[in-house]
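Asks: Below is a structure I'd like to ask you about.
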Amino acid sequence: MADVIDLALHHHVVRVLDQLLDERGISFFLENGGRVPFTIDARRVRLAVELAARRCTTPPLEAAREAAYLRARKRLIAELAQAMVQVGL
């Protein structure tokens, strides 16, 4: 069975992530006081996906939301790795 890909949702997720990263930085998506440093907060990533879903004209399917969540998480991991390299960690 084919995966459900909602391109409109992915487009909106990218725009929401860009906006949040510009306004609040990568630290917005990190857990505060976690045992492991630099852990991505799943609640905030889901929040970004939900904000993007509200911008879509039709409500996206749950499978599309999950795919968008995974894509957003991968993007944030790449952003975090890039930030760590720039700092020298």
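What follows is calculated from the coordinates using simple rules that are stated; it is not laboratory data. These numbers come from a predicted model, not from an experiment. Positions of Cβ are backbone-derived with ideal geometry, glycine not excepted, and every protein chain shown enters the neighbour counts.
Asks: Of all the Cα-Cα pairs you can form in the chain, what percent are over 19 Å apart? Provide the component values of the computation, followed by the final result.
Replies: Values: 1559 of 3916 pairs.
Cα-Cα pairs of the chain separated by over 19 Å account for 40 percent.
Asks: For the peptides 35-41, 23-29, 13-19, what is the packing order when you average, over each peptide's residues, the other Cβ atoms within 10 Å and list the highest mean first?
Replies: Working: 35-41: 11.6, 23-29: 13.7, 13-19: 17.3.
The packing order, highest mean first, is 13-19, 23-29, 35-41.
Asks: What angle, in degrees between 0 and 90 and rounded to the nearest 10, separates the Cα long axis of helix 42-55 from the longest principal axis of the Cα atoms of the chain?
Replies: For helix 42-55, the angle is close to 40 degrees.
Asks: Turning to a different aspect of this structure: Search the structure for amide H atoms under 5 Å from the amide H of Asp41, placed 1.01 Å from N in the peptide plane, and list their residues when 5 or more places away or on another chain.
Replies: When sequence neighbours closer than 5 places are left aside, the close amide H contacts are Leu30, Glu31.
Asks: Can you tell which of Ala81, Cys56, Leu17 lies farthest toward the positive end of the dipole of the range 7-87, using +1 and -1 charges on the Cβ of basic and acidic side chains (Lys, Arg; Asp, Glu)?
Replies: The one lying farthest along the dipole's positive direction is Cys56.
Asks: Here's something else I'd like to know. In sequence order, what are the phi-derived ³J(HN,Hα) couplings for the range 17-26 according to the Karplus relation 6.51 cos²θ - 1.76 cosθ + 1.60 with θ = phi - 60°, rounded to whole Hz, with x for glycine and proline?
Replies: Couplings: 4, 4, 5, 5, 5, 5, 7, 10, x, 5 Hz.
Asks: While we're here: Using 7 Å Cα-to-Cβ label points, what is the Ala78/Val36 separation (nm, one decimal)?
Replies: Taking the simple label geometry, Ala78 and Val36 are separated by 2.1 nm.
Asks: May I pose another question? Given labels modelled 7 Å from the Cα in the Cβ direction, how far is it in nm from Phe28 to Val14?
Replies: 1.9
Asks: Relative contact order, percent, of the chain when contacts are C-alpha pairs under 8 Å separated by at least 6 residues? Before the final figure, lay out each step's value.
Replies: Details: 68 pairs, mean separation 34.8, N = 89.
For the chain, the relative contact order is 39 percent.
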